[in-house]
Structure formats: structure tokens, C-alpha cells
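The values are calculated or read from the model by the stated rules, or taken from the named source; none is laboratory data. This is a predicted model, so every value here is computed, not measured. All Cβ positions, even for glycine, are placed from backbone atoms using ideal geometry, and neighbour counts span all protein chains on display.
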Amino acid sequence: MEAFFNKEGGLLSVKVSGRLDTISSNDLMAKVRENLDDTVKEVAVDCSNLTYISSSGLRVLMTIYKKIAPKGGALTLRDLTPQVGEVLNITGMANLFNIE
Amino acid sequence: MTAMDLKEYGLDLHCTMILEEYRELLPTFRKMEKIVKKELGKLVGKAGLLISGLETRIKAEDSLAGKLELKGSKYRTISDLTDIVGARVITFYSEEVDKIASLVDSAFEVDWNESVDKRKQHALDSFGYDSLHYICRIPKSLCEDSSMPELNNLRFEIQMRTALQHVWATINHDTGYKSGIEVPKEYLRNLNRIAGMLELADEQFSLIRSSINDYRRKINNLVENGKFEEVELDGDSFRRYLELDPFERLTHKIALINQAEIQKTSSLPYLKVMKGLGFRTLADVEKLKNEYEDDAYQLALSQLGGTDIDIIVSSVALQDLLTVYILRNGGGEKGLAMLYSETGGSSPYNDVRARQVFKKASSLPFMKREPEEQP
């Protein structure tokens, strides 16, 4: 798994590639915590190269969502692969995030 | 400091002495202002009242000199002037003026001989839309300072008014009218008309609020007593209904498929979908829950079973119920795409998602039963 972060104004852009399994989710969570400060209003995740997401990866997304949603912010997931999209759907999370 | 040091206002000796007292007591007035502002803020916050504004000020020296020039002989000493320190609490609703007044009464020593309810002073043919004015002292129990012996003796004024009263008073003040000065009748008539209109508007705002509160109370009672057929489905009623955790059982059943953790999320976004599907009352939601629970579980089992996903959100239960409802009633992929766009916003991905779900659900037993009647 690789993750790149870019913060501009209130927008945190993240590009995640590869498999987001339990171990790599821990790495991602640590990086998210580093970057997700109070100035961030929106988070956009480029998922075009995300091939797999585990429950731990879903927890990372929920952590981001729960941090920014109460402040009126949004979590946007872009270019989901069908596999990742299906996981989000069956857990009920697809209706929480903006999916583009 | 002597009268000679004072800025020249052309006042007589008596008024100049009062002005001198004012200067000497300025530190005390500043402390009074600070205490009053803090205490009022605390009282309003504790009572959970939503107010439009809280202002405090110390009368400026120029303004005091002007007042003394006009009616200085009325006052013996500075302590006869009760508005050197002034506070104003501006509420949204007229009944909250009385609530604030009661809080002020509990926190400060109110001088009832000087306090006036200007709201009740107007005769039928007079004009004005005024506020409630309390003249108060800071009680020793609130603050005592041996270096400022006058802190608890000097009085201050608290004005309590609605936002509309405030607008009227501010504009009236801005026009320069002072009581006792002859003003053209047309001017009085116009102010009178506006005052009446604002008073009516304040009454209407209060009425609207109390009607909404009555409605909410009624909804609460009906929901608590399970009279769902009498409760129209809307934001208030659905929110109240959700407090009963109606989908808890299904959520837990779904979670048990993989011993999943449940993350609490709101099901409110599904209200729009249900309204769009023609649900009219909470009884329709209850019917959805009771009649489709097994099918929704079957759908969740087909999706989650065989995976190792051990996290779901609580709103998945209603999502699955509505998915089944749409499919059972012939909504197909299009209906599902509508469900997703109403809850998650429009996206080309909604069609992909609808196709995936439809395909998987097509083989489930509930899809093979005859369509049912819609609520």
C-alpha cells in the first residue's frame, strides 16, 4: 500500500494505492492522524488504484468521516473499483460518503 | 482632581461636581460592567436560552455631560444616575424577556422603585414598543471589593427586549426624538404604526414557536404510545421515532453475521427516500420494518456472509429494508439508483452499485415472491 497526502487550504487529498489490509491500514491511520488537523474541512481520497479494502481500512475511513462530518465537512471517495465499492455498500458506508 | 481640571462643558458647579464623581468612580464602573456582563452571560448560558445579543457599556463622559446639562438639577449625586453602567439583553421571543427578567432578579438586587416595565406603559393612543428596564445593584454575595466600597451601592440598568423591540428602539433613537420635545403628528403616527406591526410580529413568532412545540409534544406522546398511524412522517416525527431505535434488532442480526462492530450513524437521510416512495405515516415505516425484516436480513447475509468484514454502520438496516422494499415492488436497478442518489448524492457510481446489488439480490427467495401492495 502506498499513500500520498497533499494539504491545500482546508482540503486534504489522499491517494491510496494497492491493498488496504490490517497492517497497511495501521500505517495509513498513523499518516491520517498526522495530517488530519483542525484546519481540514474536506478529505478527498483517490481510490482508482485501491484494489482491496479490509475492515481495518473501513475503520480508517470512518475515523476520517467522524472527525470532519460534525463540522459540516465531507469525505469524498473518487474512482472506486467495483470490489471496494461493493464493500462500502454492504456495510452501509456508501451512503455516508460522497462517491464520485 | 478639581473642577478646573475637567473638560469645559459649560455646566454649573453642581453638575461639574457630579461629573467629577463620575471620573473618580470610573474604575468602579468598569469593574461593575465586567461583573454584570460575565454574570448575565453565565445566567443565559446556564438557562440554555438562545439570545440575539448581550451588550454592556459605560456612559461616555460627553453623553453624561449632555444629560446633566438638560436635567442636572434632578440628581443630587452620581449615585442618583442609574444608567452610568448599562446592559442590554436582546432575545428572539417576547416570553424570553420575562425569563431573563426572572434570572436577573435572582442574581442581582433589583431596585423595584426605579425599575419599569415600559412594555406595559403605553396607553391605547400612545406610541412605542419598549423594553423592560431593571435598575439593579451587585449583591455582596456576587462580588465584594474593599478597595471599591461603592461597587455594591451604585446602581446600573439592565434593559431586556426582543430583537424587534431593539430595532424599533434603535431606529427611534436614531431619528433624534427625545420625550418632551414636540414632534410632528405624522412622525408619531408612523412610529406608532411600526410599533404595532412589530408587536404583532413578535406575538406571531411566539405563537409559531409554541405551536411547533405543541406539535412536537403531541408527536412525542403518540410515538411513545405506539400510535404510529396517527403520526405523519416528517423530520420531527422520524427523528423521534429513531430515538426508539426501531431498527436495532435488525442491525444486531446483521452484525452477528460476522460478529461485526456497529458504528452508530443516523438513518435520517432515508426519510427523503421513504417520502418519495409514498410513505405517509410512521405506521408505514413500522410496516416496512415488520414485513421486510427477514428479507433484509437475507439480503445482508448474502452480501456479508463469506466475507471477513467485521464493521457495519447502524443505518445499514434501513438501507437493506428499503433495498428489499424497492426490489419487491418492482423498482429494479433504477429504483435502487434513486435510493443511492437520494441518500449519497448523484454519482455515476450509483448505477454501478445498483447493478451489483440487483444482480446479487435476484437469486434471493424474496425476489421470487409476488409483488406486494405499497403502503
**Complete:** Considering the range B:313-334, residues that are assigned to a helix (DSSP H, G or I) and farther than 26 Å from B:H252 by Cα, and then whichever is nearest to the other protein chains (Cβ to nearest Cβ), we arrive at B:E333
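Okay, residues lined up against (1) surrounded by 15 or more Cβ atoms within 10 Å (Cβ to Cβ); (2) at pLDDT 95 or above; (3) within 21 Å of B:S94 (Cβ to Cβ):
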| residue | (1), (2), (3) |
| --- | --- |
| B:L164 | yes, no, yes |
| B:P184 | no, no, no |
| B:L198 | yes, no, yes |
| B:S211 | no, no, yes |
| B:L222 | yes, no, no |
| B:E229 | no, no, no |
| B:R240 | yes, no, no |
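Taking into account only those residues within the range B:200-209 that are of a type outside the set (D, E) and within 18 Å of B:A169 (Cβ to Cβ), which is surrounded by the most Cβ atoms within 10 Å (Cβ to Cβ)? Break it down stepwise before answering.
Keep residues of the range B:200-209 that are of a type outside the set (D, E), which gives B:200-201, B:204-209.
Right, trim to within 18 Å of B:A169 (Cβ to Cβ) and you get B:200-201, B:205.
Values: B:L200: 11, B:A201: 12, B:F205: 16.
Only one residue fits best here, namely B:F205.
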**Complete:** The lone condition B:S206 fails out of (1) within 24 Å of B:V357 (Cα to Cα); (2) part of a helix (DSSP H, G or I); (3) of a type in the set (G, A, S) is (1)
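Of all residues in the range B:148-162, how many are out of contact with any helix residue (DSSP H, G or I) (no Cβ under 9 Å at 6 or more places or on another chain) and either more than 23 Å from B:T91 (Cβ to Cβ) or modelled with pLDDT under 95 (or both)?
Within the range B:148-162, the subset out of contact with any helix residue (DSSP H, G or I) (no Cβ under 9 Å at 6 or more places or on another chain) is B:152, B:157.
Imposing the further condition that a residue be either more than 23 Å from B:T91 (Cβ to Cβ) or modelled with pLDDT under 95 (or both) reduces the set to B:152.
Of the residues in the range B:148-162, 1 are out of contact with any helix residue (DSSP H, G or I) (no Cβ under 9 Å at 6 or more places or on another chain) and either more than 23 Å from B:T91 (Cβ to Cβ) or modelled with pLDDT under 95 (or both).
Please verify whether B:L322 is farther than 20 Å from A:S55 by Cα, in contact (Cβ under 8 Å) with a residue 12 or more places away in the chain and surrounded by 20 or more Cβ atoms within 10 Å (Cβ to Cβ), treating the condition exactly as stated. If you could, list the steps in order and put the result at the bottom.
Details: farther than 20 Å from A:S55 by Cα: yes; in contact (Cβ under 8 Å) with a residue 12 or more places away in the chain: yes; surrounded by 20 or more Cβ atoms within 10 Å (Cβ to Cβ): yes.
For B:L322, the condition - farther than 20 Å from A:S55 by Cα, in contact (Cβ under 8 Å) with a residue 12 or more places away in the chain and surrounded by 20 or more Cβ atoms within 10 Å (Cβ to Cβ) - is met.
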**Considering residues of the range B:116-147 that are buried (at least 18 other Cβ atoms within 10 Å of the Cβ) and over 28 Å from the mean Cα position of the chain (by Cα) only, the residue modelled with the lowest pLDDT** = B:F127
**Asked** B:L49 versus (1) under 20 Å from B:F108 (Cα atoms); (2) among the hydrophobic types (A, V, I, L, M, F, W, C); (3) in a helix (DSSP H, G or I); (4) touching a helix residue (DSSP H, G or I) at 6+ places or on another chain (Cβ under 8 Å): which is the lone unmet condition?
**Response** (3)
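Of these, B:Y292, B:Y349, B:Y297, B:Y340, which one is touching a helix residue (DSSP H, G or I) at 6+ places or on another chain (Cβ under 6 Å) and at the interface with chain A (Cβ under 8 Å from one of its Cβ atoms)? Break it down stepwise before answering.
Values: B:Y292 fails: at the interface with chain A (Cβ under 8 Å from one of its Cβ atoms); B:Y349 fails: touching a helix residue (DSSP H, G or I) at 6+ places or on another chain (Cβ under 6 Å); B:Y297 fails: at the interface with chain A (Cβ under 8 Å from one of its Cβ atoms).
Matching residue, one of B:Y292, B:Y349, B:Y297, B:Y340: B:Y340.
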**Request:** For B:G196, state whether it is in a loop (DSSP other than H, G, I, E, B) and more than 29 Å from B:I309 (Cα to Cα).
**Result:** no
**Prompt:** Out of (1) over 42 Å from the mean Cα position of the chain (by Cα); (2) facing another protein chain (nearest Cβ under 10 Å); (3) part of a helix (DSSP H, G or I); (4) not polar (S, T, N, Q), what's the single condition that is false for B:A354?
**Reply:** (1)
**Message:** Based on this model, can you work out whether A:S54 counts as crowded, with 20+ Cβ neighbours inside 10 Å, in contact (Cβ under 8 Å) with a residue 12 or more places away in the chain and polar (S, T, N, Q)?
**Reply:** yes
**Request:** Pull up the range A:57-87, narrow it to residues that are small (G, A, S) and farther than 19 Å from B:Q303 by Cβ, then point me to the one that is surrounded by the fewest Cβ atoms within 10 Å (Cβ to Cβ).
**Result:** A:G72
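One line per residue, one yes/no per condition, for (1) modelled with pLDDT of 90 or more; (2) farther than 14 Å from A:L77 by Cβ:
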| residue | (1), (2) |
| --- | --- |
| A:E2 | no, yes |
| A:L12 | yes, no |
| A:D21 | yes, yes |
| A:D37 | no, yes |
| A:V45 | yes, no |
| A:N49 | yes, no |
| A:S54 | yes, yes |
| A:L58 | yes, no |
| A:M62 | yes, no |
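Could you pull out every one of the helices (runs of 4 or more DSSP H) wholly within the range B:215-276 that has 3 or more residues that are touching a residue at least 60 places away in the same chain (Cβ under 8 Å)?
Working: elements: B:235-243, B:248-257, B:270-276.
Filter on the range B:215-276 gives B:248-257, B:270-276.
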**Request:** Taking only the range B:300-312 into account, find how many residues are more than 9 Å from chain A (Cβ to nearest Cβ) and buried (at least 24 other Cβ atoms within 10 Å of the Cβ).
**Result:** 0
**Request:** Would you mind telling me which numbered condition in (1) more than 9 Å from every other protein chain (Cβ to nearest Cβ); (2) crowded, with 17+ Cβ neighbours inside 10 Å; (3) under 26 Å from A:A69 (Cβ atoms) B:L282 fails?
**Result:** (3)
